[in-house]
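The values are calculated or read from the model by the stated rules, or taken from the named source; none is laboratory data. As the structure is a computational prediction, the values presented were derived from the model and not from experiment. In this analysis, Cβ positions are derived from the backbone assuming ideal geometry, glycine residues included, and neighbour counts consider all displayed protein chains. Only protein heavy atoms, including side chains, enter the accessible area calculation; ligands, DNA and RNA are left aside. Shrake-Rupley method; radii C 1.70, N 1.55, O 1.52, S 1.80 Å.
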Amino acid sequence: MKSPLLSLPGAVPGEGVDEGVAAHYGDLFREQRALADGAGFVDLSHRGVVTVTGEDRLAWLHLLLTQHVSELPVGEATEALILSAHGHIEHALYLVDDGTTVWAHVEPGTQEALIAYLESMKFFYRVEVADRTADFAVVHLPAGSIAEAPEGAVVRETAYGRDLFLPRADLEAYAGKAGPAAGLLAYEALRVEHHRPRVGFETDHRTIPHELGWIGTAVHLQKGCYRGQETVARVQNLGKPPRRLVFLHLDGSDVHLPPHGTEIRMADEGEDGRRVGVVTTSVRHFELGPVALALVKRNVPADARLVAGETAAAQEVIVEP
C-alpha cells in the first residue's frame, strides 16, 4: 500500500517490497542519528497487519507457531515463525495480544498467503482471522522515544522501540505530532547494526531458524506440535546448520554497496576463489560506515578475510560456526 506520508517534504520512495513508504526524507545519516537518539518515527505502513480473535486464539496459535504463546501475557510483545514441513522459514510474525485480539505485522504483501495458511488450519477452533492492512498502519517509535501513543492504539513494545497499530485514517495526523520522520533506510541500518534478520532478505527458500540466530527469540525449544518442529529439534540436538549469519564491515573506499545476493568469496583465494556465501542486506551506517548482513557456509573460518563482489569484508560472528 502506498503511504500518504510520501507527500512529506523530501520523501524518496523505497524500492522493491518497500516501495510503498519513504526510503529517506533527504538526509539518511541525520535520520539515523535521530532514531539512535530516540527521536522521530518510521513509517512502516506498507507492512501487512493480521489479527486473530476468539477465545481459542492463543491456544490455536501455539499449535502453529514456533513461539510459546499459549499463556502470552496481555501487552507482551513476541515474535514467531511459521515453517514449512521441512523446517524452512515461510513467515515471521511480530505479535502482541491486547486481551481480546492478537495483532501481528508481517512482511509487505505476505499477509494473504499467511491468512490462507491460517484459515486452512482453523478446524474446530473458535478463532477468526482477518486482514486489517487496509484499516491499520504500523508506525515505529525508536527505543528511548518519549512520544506518546494515541489513546486506544495497540502498542507492541520491544528493546528496539515501540510498534504502534494506528487506524490508517489517523496516520497523517499522528505524523504531524511525532516527527521528525525517518525513512526505512535509517530503520534498516539500525536493524543491521542489531543483527536482526528479515524474511525475504536474510532468508531464501531453504533457510532454517538456526542459521539466523532466531532460536530463543522467535523459536521456543521447549515446545513442539508445530509444522517443521522435527527439523528444528534434529539440528538443535544432533548437528549444526549448513550456513550462518555474519556481520560484515565493508571496505569504505568503495562507492557502491554490494546489493542483496552479491556473492562472497574467500579473499585469500583470489578472483577465482570459491563462493562461500551471499550478502543479504547492506547499508551505510552513520557511525560504523558500510556494513552488511550475510549468510556464509558454516565451515568458513571466523577469522577468514572475505570479498563481497569486489568489496573487501571483515566478518563478525553472529551465529557460532
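Among the numbered conditions (1) within 20 Å of the chain's Cα centre (by Cα); (2) open to solvent by 20 Å² or more (accessible area, probe 1.4 Å), tell me where His285 comes up short.
(2)
Do you know which of the residues in the stretch 144-178 that are part of a helix (DSSP H, G or I) and open to solvent by 60 Å² or more (accessible area, probe 1.4 Å) is farthest from Asp37 (Cα to Cα)?
Step by step, filter the stretch 144-178, then rank; the result is Ala169.
Among the listed residues Leu93, Leu81, Leu65, Leu72, which satisfies the condition of being out of contact with any helix residue (DSSP H, G or I) (no Cβ under 8 Å at 6 or more places or on another chain), among the aliphatic types (A, V, I, L, M) and open to solvent by less than 30 Å² (accessible area, probe 1.4 Å)?
Leu65
Answer yes or no: is there a residue in the stretch 203-221 that is without any contact (Cβ under 8 Å) to a residue 24 or more places away in the chain, in contact with a Pro (Cβ under 8 Å, 6 or more places away or on another chain) and within 30 Å of Gly161 (Cα to Cα).
Yes, the conditions are met somewhere in the stretch 203-221.
Residues in the stretch 123-139 that are touching a residue at least 40 places away in the same chain (Cβ under 8 Å), in a loop (DSSP other than H, G, I, E, B) and of a type in the set (A, V, I, L, M, F, W, C): how many?
Within the stretch 123-139, residues that are touching a residue at least 40 places away in the same chain (Cβ under 8 Å), in a loop (DSSP other than H, G, I, E, B) and of a type in the set (A, V, I, L, M, F, W, C) number 2.
Condition first: over 18 Å from the mean Cα position of the chain (by Cα) and either β-branched (Val, Ile, Thr) or farther than 23 Å from Pro290 by Cβ (or both). Now tell me which residues in the stretch 11-39 satisfy that.
Once the filter is applied, which keeps residues that are over 18 Å from the mean Cα position of the chain (by Cα) and either β-branched (Val, Ile, Thr) or farther than 23 Å from Pro290 by Cβ (or both), the stretch 11-39 yields Ala11, Val12, Gly38, Ala39.
Could you please give the count of residues in the stretch 277-309 that are within 19 Å of Arg191 (Cβ to Cβ) and among the basic types (Lys, Arg)?
1
When Arg196 is evaluated against the numbered criteria (1) under 16 Å from the mean Cα position of the chain (by Cα); (2) of a type in the set (Lys, Arg); (3) assigned to a helix (DSSP H, G or I), which criterion, by number, is the only one it fails?
The one condition Arg196 does not meet is (3).
For the stretch 227-321, please list each of the strands (runs of 3 or more DSSP E) lying entirely inside it that holds at least 3 residues being in contact (Cβ under 8 Å) with a residue 60 or more places away in the chain.
Hits in the stretch 227-321: 243-250, 275-285, 289-297, 311-317.
How many residues are farther than 18 Å from Ser7 by Cβ, open to solvent by 10 Å² or more (accessible area, probe 1.4 Å) and over 11 Å from the mean Cα position of the chain (by Cα) when one looks only at the stretch 179-193?
3
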